[in-house]
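*Asks:* Mind looking over this structure? Questions follow.
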Amino acid sequence: MKLHTLKANEGSTKDRKRLGRGQGSGRGGTATRGHKGAKSRSGYSRKFGFEGGQMPLQRRIPKFGFKNPNRKEYKAINLDTIQGLADSSKEKTITVELLIANGLVGKRDLVKVLGRGALTAKVEVSAHAFSATALESIEKAGGKVVIAG
């Protein structure tokens, strides 16, 4: 066997379609693009959302509302969750790190403690924000509130 005698197996390779190479090729003239119109031109690419000249959906539907670029989004943790965590872990301080370790919040989440449920454990709770009812309940149970930086 010699390298210059190697050939691909019969039928394993196909020649590419040569478009627009004259009438004799069978694909001259319109080069399989049909007659006229934007799609037959070179460099054609349809605009995103284009609907054939009809008013596109994103322009038919009215705009409304407002998105505040400075919004802070908090992950809510209720007092009943903190009570359950205090019972199971026997910890006296509930920190954001402890909540992350128990899978209650993500490591990039800001945590806000809300007042649903009852808190009986005397714990020090550290979070980014507190509701007024949560703050009152924690202090009534003999606990302490620390706002995390």
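The values are calculated or read from the model by the stated rules, or taken from the named source; none is laboratory data. Because the structure is predicted, anything quoted here is derived from the model rather than measured. Glycine gets a Cβ as well: all are built from the backbone with ideal geometry, and neighbour counts include every protein chain shown.
*Asks:* Looking at the range 43-65, is at least one residue under 30 Å from THR120 (Cβ atoms) and surrounded by 10 or more Cβ atoms within 10 Å (Cβ to Cβ)? Write out each step before concluding.
*Replies:* Looking only at the range 43-65, we keep the residues that are under 30 Å from THR120 (Cβ atoms), and these are none.
No, the range 43-65 has no match at all.
*Asks:* Now a separate question. Anything in the range 99-144 that is closer than 15 Å to GLN83 by Cβ and β-branched (Val, Ile, Thr)? List them, or say none.
*Replies:* VAL113, THR120, VAL123, VAL125, THR133, ILE138
*Asks:* Just checking, does the range 87-101 include any residue being at pLDDT below 95 and surrounded by fewer than 10 Cβ atoms within 10 Å (Cβ to Cβ)?
*Replies:* Within the range 87-101 (the criterion being at pLDDT below 95 and surrounded by fewer than 10 Cβ atoms within 10 Å (Cβ to Cβ)), the answer is yes, since at least one residue qualifies.
Residue by residue, here is whether (1) touching a Leu at 6+ places or on another chain (Cβ under 9 Å); (2) of a type in the set (Asp, Glu); (3) farther than 30 Å from LEU19 by Cβ holds:
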{"residue": "GLY52", "(1), (2), (3)": "no, no, no"}
{"residue": "ILE61", "(1), (2), (3)": "no, no, yes"}
{"residue": "LYS72", "(1), (2), (3)": "yes, no, yes"}
{"residue": "SER89", "(1), (2), (3)": "yes, no, yes"}
{"residue": "LEU99", "(1), (2), (3)": "yes, no, yes"}
{"residue": "THR133", "(1), (2), (3)": "yes, no, yes"}
{"residue": "ILE138", "(1), (2), (3)": "yes, no, yes"}
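*Asks:* Okay, moving on. Take the residues of the range 46-90 that are charged (D, E, K, R) and in contact with an Asp or Glu (Cβ under 9 Å, 6 or more places away or on another chain): which is nearest to VAL146 (Cα to Cα)? It would help to see each step written out before you state the result.
*Replies:* Our first condition is that a residue be charged (D, E, K, R); within the range 46-90, this holds for 46-47, 51, 59-60, 63, 67, 71-73, 75, 80, 87, 90.
After this cut, where a residue has to be in contact with an Asp or Glu (Cβ under 9 Å, 6 or more places away or on another chain) as well, the list is 73, 75.
Numbers: GLU73: 19, LYS75: 17 Å.
Per the criteria, the residue is LYS75.
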